[in-house]
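The values are calculated or read from the model by the stated rules, or taken from the named source; none is laboratory data. Keep in mind that what you see is a predicted model, and the values were worked out from it rather than measured. Neighbour counts run over all protein chains shown; Cβ positions are idealised from the backbone, glycine included.
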């Protein structure tokens, strides 16, 4: 590690003021990515602004047909929330499958969404459910928010306040995970929304999380596992690494999609 100034604001306004006053400030949410990044010296911010003291960023509300989750709400809080379990059971189940207990009790939804790790779970939920990401200055649809590997539409001086998920009529998430990290080799979230079926895939794409229009069209005609059985995803658009080849991931996407549709009912 190296020297940096540490700040722990108690409000969004104070957090933004600290960021603007810094030469190269960074927000710290749960620290699941930032702390290892600092240790490896892959980032060297002048100031670290810890958001854990900003109470306004924590909480879950269900209103107007949507579940809104504050950016600093932990995965464990989402997983155990009776409101989330009742409104969008698939979202609670997804949160309960992230990492291990230590990660779930420290990691936050805002940090995960802002980091946009290509193997993270929440981006798939955001895309499949048609979530809206609210920041200190605007609201963005998930389709416009995730732009590339570890990249989003967030400006450098912008902070996520909350993520709002419309309640679907059906939804489920199925993940084939790495047994060590619990990150998704392939994760597929399917949802029957007011605008029709949506299918989002994480853990596979060369450009991060993505939707599968062919599967969405098939499910619009018939919401069944058979509708997506054997449907191919171009392996040329997928990652190959030490954990799985692109061809294997392409196969898994079809398998996980079928399982997710079955689980959704």
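Are there any pairs, at least 6 apart or on different chains, whose C-beta atoms fall under 7 Å, with the first in segment 105-130 and outside the structural domain of residue 80 (by TED's automatic domain parsing) and in contact (Cβ under 8 Å) with a residue 24 or more places away in the chain and the second surrounded by fewer than 24 Cβ atoms within 10 Å (Cβ to Cβ) and in a loop (DSSP other than H, G, I, E, B), and if so, which?
So the pair list comes out empty.
Could you count how many residues in segment 78-95 are outside any helix (DSSP H, G or I) and under 15 Å from residue 174 (Cβ atoms)? Talk me through it step by step, then tell me what you get.
Going through segment 78-95, the residues outside any helix (DSSP H, G or I) turn out to be 81, 88.
Those still in the list that are under 15 Å from residue 174 (Cβ atoms) too: none.
Qualifying residue count, segment 78-95: 0.
Of all residues in segment 147-180, which are assigned to a loop (DSSP other than H, G, I, E, B), farther than 22 Å from residue 212 by Cα and within 16 Å of the chain's Cα centre (by Cα)?
Answer for segment 147-180, where residues must be assigned to a loop (DSSP other than H, G, I, E, B), farther than 22 Å from residue 212 by Cα and within 16 Å of the chain's Cα centre (by Cα): 154, 159.
Restricting attention to segment 184-213, which residues are out of contact with any strand residue (DSSP E or B) (no Cβ under 8 Å at 6 or more places or on another chain), in contact (Cβ under 8 Å) with a residue 12 or more places away in the chain and not in a loop (DSSP other than H, G, I, E, B)?
Initially, segment 184-213 is screened for residues out of contact with any strand residue (DSSP E or B) (no Cβ under 8 Å at 6 or more places or on another chain), giving 195-196, 213.
Those still in the list that are in contact (Cβ under 8 Å) with a residue 12 or more places away in the chain too: 195-196.
Passing the criteria: only 196.
Considering only segment 96-135, how many residues are more than 12 Å from the chain's Cα centre (by Cα), assigned to a loop (DSSP other than H, G, I, E, B), at negative phi and surrounded by 14 or more Cβ atoms within 10 Å (Cβ to Cβ)?
Final tally of qualifying residues: 1.
If I filter segment 12-59 down to residues being touching a helix residue (DSSP H, G or I) at 6+ places or on another chain (Cβ under 7 Å) and in a loop (DSSP other than H, G, I, E, B), which single residue comes out as nearest to residue 117 (Cα to Cα)?
Within segment 12-59, the match that is nearest to residue 117 (Cα to Cα) is 33.
Which ones in segment 214-236 are within 22 Å of residue 120 (Cβ to Cβ) and in a helix (DSSP H, G or I)?
215, 216, 235
If a residue must be more than 15 Å from the chain's Cα centre (by Cα) and surrounded by fewer than 19 Cβ atoms within 10 Å (Cβ to Cβ), how many such residues does segment 201-215 contain? Break it down into steps so the answer makes sense when it comes.
From segment 201-215, those more than 15 Å from the chain's Cα centre (by Cα) are 206, 212-215; that's our starting set.
Still in the list and also surrounded by fewer than 19 Cβ atoms within 10 Å (Cβ to Cβ): 206, 213-214.
Final tally of qualifying residues: 3.
Hey, any hits in segment 239-253 for a residue that's touching a strand residue (DSSP E or B) at 6+ places or on another chain (Cβ under 7 Å) and either within 21 Å of residue 171 (Cα to Cα) or not assigned by TED's automatic domain parsing to the domain that holds residue 122 (or both)?
yes
Report whether or not residue 36 is crowded, with 19+ Cβ neighbours inside 10 Å and under 16 Å from residue 2 (Cα atoms). Can you show your working first?
Working: crowded, with 19+ Cβ neighbours inside 10 Å: no; under 16 Å from residue 2 (Cα atoms): yes.
No, not satisfied.
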